[in-house]
Amino acid sequence: MQASIATAINTDNPAPVNSRGRVVVASLVGTAIEFFDFYIYATAAVIVFPHIFFPQGDPTAATLQSLATFAIAFVARPIGSALFGHFGDRVGRKVTLVASLLTMGVSTVVIGLLPGYQTIGIFAPLLLALARFGQGLGLGGEWGGAALLATENAPAHKRALYGSFPQLGAPIGFFFANGTFLLLSWLLTDEQFMRWGWRLPFILSAVLVVIGLYVRVSLHETPVFAKIANAGKQVKIPLGTLLTRHLKATIIGTFIMLATYTLFYIMTVYSMTFSTAPLPVGLGFSRNSVLWMLMIAVLGFGLMVPVSGWLADKYGRRACMLVITSLILLFALLLFMPLLGSGNPTLVLLFLLLGLSLMGLTFGPMGALLPELFPTEVRYTGASFSYNVASILGASVAPYIATWLQANWGLFWVGVYLAAMAAITLVALLCSKETRHQSL
C-alpha cells in the first residue's frame, strides 16, 4: 500500500486519503500545464501578436497594445478566484481544480485558432482579449486549489516544502513554453512561424490538458476540507465572509505577493521586450538568443523553489521572506543598470539568472504562506483572492510600466520601480505574523 501523507480525520468513518506521489503529481502537473498555457501567451504577446492582431504602423504602439491584452488576464484572475474559490470552499477542492483547468485549456486553444487583423479587422484584438480573459479566469482558480491540495495533505512540519510543489509548475511551464517557441523557430522559417507556426503551442496544449484532467479526476478530497464538509461548516458566501471577517489577512497576503509578481514579469516579459528591441531603443538581441538565456535562467528559478520551501519550514515563512525581499530590493537598485544595461550577452544572462533565482526564493514559500493566513472554510477563496489581486497590482502592469519608464526616463528607473514594489512587500511582511506552527 502506498504511504499516505495524511491520516483520516474521523477514525470511525475514515475519509480516503491521497498518496504522497499522487499529491505531488496532481499539484505539480496541473500548475505546470496552466502556466505553460499562460506563458506561451506572454511570449507570443512580445514576438508575435503585435504583428498579427493589431494594425501596423508604429511598432512601439503595437507592442504596447499587445501588452495591454496581456494585462487583461490579470483583471480576470481575481474574478476567477472569487468564482472558483466559492465552489472550492463550498463544494470541494477536487471538482473546482478540474473546472479551472478546463476553462484555461479551452481559452488557450481558442487563441491558437483566431484569425488575424488582416482577416477580420478590429474583431481580431477583441476576440483575443476575450480569450485572454478566459485564460485569466481559469488561472485565477487554479493556483489556490493546487496550493491547498498540497498543503492540506502535508505533514505540519513540511507544509512549505509540500507547498512548493505547485510552485514548481511555474518554472516548468515557463521552460517548456519558451522551449516550444525556440524549437519552432529552428524548424520553421520566419515566414512560416509568423503565418501559422506560432499557433501550434496553443492548439497542442489541448493534449496537456487531457493529461492534467486524468491526473486530477483520480484525486480524493483533502482531509481538511472533508472534515468541515462532513460537519456542514461551509460558509454560504465565502467571498463575503472573507472580506468582512478576514480583510486584514487578505490585504497583507496581497501585498506580500506584490514584489514576487513584479519581479517575475519584469525579468521575463519586459526583459524580452527590451532585449529584442532594435538599437538604440533596446539591446538588439535576436529572439532565439533571448529565449535561450531565459531557458537557462529559469533553471535557477526551479532550483530555488524547493530550497526556499525547505528554508521556510526550518526558519519560518516571515523571516525567510524578509531576507529574500531585501535581496530583491538591493538587486533592483544595484544591478539593473550594470548588468541589463550593459548590452553584454554574458552580463545580461547573469542578470536574468540572478533575478529568476531570487524569483524562485520568493515564490517557493507562497504555497504555504498564503493558505496559512486563512481558516479552512474560506481558505480557497482567501489564498486565491490575495494571490490574484496582487497580480493586478504587480504582474499585469509591470511590463507596461517598465516599458514606459525605460522609454521616457531610462533603464535605471525600471529598477527603482521594482525596488519600490519590494519595499511595499517588506512593510506587509513586517505587519504579518509567523504562520509556521499554525494548525490548518
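A few comments on the model shown:
- Fewest-first ranking of Glu142, Glu191, Glu377, using other Cβ atoms within 10 Å as the exposure measure: Glu191, Glu377, Glu142
- Taken along its principal axes, the alpha carbon cloud of the stretch 127-206 reaches lengths of 54, 29, 16 Å, longest axis first.
- Computed E for Ser286/Ile203 - FRET, C-beta separation, R0 30 angstrom, nearest 0.05: 0.70
- Estimated 222 nm signal from helices in the chain, with DSSP H stretches of n ≥ 4 weighted -39500 (n - 2.57), rounded to 500: -24000 deg cm²/dmol
- Helix 59-90 axis, angle to the chain major axis (alpha carbon atoms, nearest 10°): 10 degrees
- Unsatisfied cross-links (Cα-Cα over 25 Å) in the set Lys94/Lys158; Lys236/Lys433; Lys158/Lys233; Lys94/Lys314; Lys227/Lys314; Lys314/Lys433: Lys236/Lys433; Lys158/Lys233; Lys94/Lys314; Lys227/Lys314
- As computed over the stretch 58-160, the Cα convex hull volume per residue (Å³): 111 Å³
- For Val91, distant residues with modelled amide H under 5 Å away: none
- The chain - convex hull of alpha carbons, volume per residue in Å³: 129 Å³
- Farthest positive-ward along the chain dipole, Cα basis, beta-carbon charges - from Val209, Leu353, Phe412: Val209
- Pairs of C-alpha atoms in the stretch 44-104 farther apart than 16 Å represent 56 percent of all such pairs.
- Computed FRET value (nearest 0.05) for Gln234 with Lys433, which takes r as the C-beta separation and R₀ as 30 Å: 0.70
Laboratory data are not the source of any read-out in this text; all were calculated from the coordinates shown. Since we're looking at a predicted model, the values are computed, not measured. We place every Cβ from the backbone using ideal geometry, glycine too, and count neighbours over all the protein chains shown.
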